[in-house]
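Colleague: The structure that follows is given in the form of structure tokens.
Read-outs: derived from the displayed coordinates by stated rules, not from any lab. What you are looking at is a predicted structure, and each value in this text was computed from that prediction instead of being measured. Cβ placement follows ideal geometry from the backbone for every residue including glycine, while neighbour counts extend to all protein chains displayed.
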């Protein structure tokens, strides 16, 4: 079987969907962070796959590198914020983040 | 001839951020970082203001920069707005952080580097520089929201903002990947050209456009993507709230303008019924109505101002919907109206938040309407800027906010009759706005504090006074003699690139 662009796109759309549903359904902040990583990685797969089938420039691969670097920075900031929340509330469940209400 | 001059504002802010970091690390504790950071930002604002107003045109930037960043008059105008807003937030931080025993240098570094990210975002002409600017700005702002480490509310606000912000960034990126796949380009002009030539897959373009717009709608807190806004605004220290409400919004709207025209400005996608104007109009209507209704029910002034900033995003989006017109003159009018609105909104919001800061001292921060009761009669000099600020946000003449609304709504009316319903909705929902803005004035002057309630004591700080005087000056100047600013905006609006 020949692997075509469509297969790559189907795979990355599936991963993106799993990540998005995981982010919306799960209430553990760490799992939500992991879901965001899944979404970002599916974006990378999409970029690289498109680039493979349209190789006149390398913009897709270039973009994927930047996404990887920014995702690392984002994880660092995100974990720091979750840590500061955990220190004060002794939990990482987003349902317990309920002190700010109208 | 290329030169570094058009990049000066970016260079000043970027290098200034690193100098600030070194000064914070190596100097004694008394270093006046608020002075230093606001000087850096105001210097950048002045340079970009001069460039935006220059009659001779702006030199070309070095060749490597041009595909990624615009240095046009429009970009310089937005740089000036962003740096003014950020510089005034730094001044407010100088008063607020010291009073509330939070004075740590990293706040100013985060503020200046976030402003750098905002400038890159607002000037970007490529999906890649857009993404990097967006994240540079957002990562700094997440930290600024969670800055008060001992407060569970700050951690919670920061966490909610971070989670939804990264989720939005991922959605934006997926849209960007689809646009790249459909057109083979990441620069706005290339995407726009490929769409116009019809060489791209229409389904991918449409899906990519919707996802990119959703990602940016989170950043400008358009309804229904606004859930994080009140919590993040309330949890953050007030100077960070000011920064978020003015700088982040101005930068995101600037790039939306450029994107809607350069990428999706073709006839097929800017069709009023089947293209992005339908999405933007629907978002604008929902944002204006829900933002104003929710603001009217708040008991906390900071939350009220958060919903008011959502409502203002709605008014600005009426201006974005006007960009659907194919007539370049109508487009230029609409762009200049939105630019003027963003500048007016920046100074009005700084004035209002600054007055709120000025009314609170250590452990007695003014947050609810009750905290404001009678403060106007006891301290009329601090209530005066507060009144001017809320009147400008409300859109009362002769303030900047009134003219901002006037320009945006009249541009929409001049463009297309089909936007009439949006303008009527905007005017009606600003009437609801009058209720909660005037409530501030009523509490300031006509109520007495409950017996036994803590009485607000004003903050004594030269920084806050300076920020109030500067923003108050611009609110009145742009309201009384707007011709200078609107001329610059109109000239800039014809050169987006």
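Colleague: By count of other Cβ within 10 Å, fewest leading, how are B:185, B:484, B:100 ordered? Numbers along the way, then the final one.
Modeller: Numbers: B:185 21, B:484 11, B:100 18.
Ordered by Cβ neighbours within 10 Å, fewest first: B:484, B:100, B:185.
Colleague: Another one. In whole Å, what are the Cα extents of segment B:178-331 along the three principal axes, biggest one first?
Modeller: 54, 27, 25
Colleague: I would also like to ask the following. For the modelled label position 7 Å from the Cα of residue B:370 along Cα-to-Cβ, which residues of segment A:87-102 have backbone nitrogen atoms closer than 16 Å?
Modeller: A:102
Colleague: Among B:86-93, B:376-383, how do they line up from the highest to the lowest mean number of other beta-carbon atoms within 10 Å?
Modeller: Working: B:86-93: 31.1, B:376-383: 17.1.
Most protected by this proxy first, the peptides run B:86-93, B:376-383.
Colleague: Would you list the P(r) distribution for segment B:5-493, with all Cα-Cα distances sorted into 20 Å bins from 0 and each bin expressed as a whole %?
Modeller: Going from the shortest bin to the longest, the percentages are 26, 60, 14, 0.
Colleague: To make sure I understand, if each residue's beta carbon is the centre and we count other beta carbons within 10 Å, what order do B:421, B:276 fall in, fewest to most?
Modeller: In order of increasing Cβ crowding within 10 Å: B:421, B:276.
Colleague: Right, another one. How long are the three semi-axes of the equivalent ellipsoid for the protein assembly as shown, computed from the Cα gyration tensor as the root of 5 times each eigenvalue, in whole Å, largest first?
Modeller: 36, 28, 24
Colleague: Using the 10 angstrom Cβ neighbour count as an exposure proxy, how do B:99, A:74 rank, fewest first? Intermediate results must be reported in sequence, preceding the final value.
Modeller: Details: B:99 19, A:74 24.
Ordered from fewest to most neighbouring Cβ atoms within 10 Å, B:99, A:74 come out as B:99, A:74.
Colleague: On to the next question. Give, in nm to one decimal, the length gained when the segment between residue B:274 and residue B:326 is fully stretched (0.36 nm per residue of separation minus the Cα-Cα distance).
Modeller: 17.2 nm
Colleague: May I pose another question? Determine the shielding of peptide B:171-184 by partner chains: average, over its residues, the number of Cβ atoms on other chains within 10 angstrom of each Cβ. Don't skip to the answer; put the middle values down first.
Modeller: Working: counts 4, 1, 13, 11, 1, 5, 16, 6, 1, 8, 11, 1, 1, 7.
Average per residue, whole number: 6.
Colleague: Points 7 angstrom from Cα along the Cβ direction at residue A:101 and residue B:455: gap in nanometres?
Modeller: 3.4 nm
Colleague: Please compute the modelled spin-label separation between residue A:53 and residue B:384, points set 7 Å along Cα→Cβ, answer in nm with one decimal.
Modeller: Modelled inter-label distance: 6.7 nm.
Colleague: Here is a further query. How do the peptides A:30-40, B:341-351, B:398-408 rank, highest first, by the average count of neighbouring beta carbon atoms within 10 Å per residue? Mind showing how you got there, number by number?
Modeller: Values: A:30-40: 19.8, B:341-351: 28.9, B:398-408: 23.8.
Result, highest mean Cβ count within 10 Å first: B:341-351, B:398-408, A:30-40.
Colleague: Here's another thing I want to ask about it. Could you work out the helix-only [θ] at 222 nm for chain B, with each DSSP H run of four or more residues adding -39,500 (n - 2.57) and the total divided by the number of residues, to the nearest 500 deg cm²/dmol?
Modeller: Details: 21 runs with 362 residues, N = 497.
That calculation yields -24500 deg cm²/dmol at 222 nm.
Colleague: So what is the diffusion coefficient of segment B:389-449 in µm² per second by Stokes-Einstein at 25 °C and 0.890 mPa s, using a Kirkwood Rh over Cα pairs?
Modeller: 193 µm²/s
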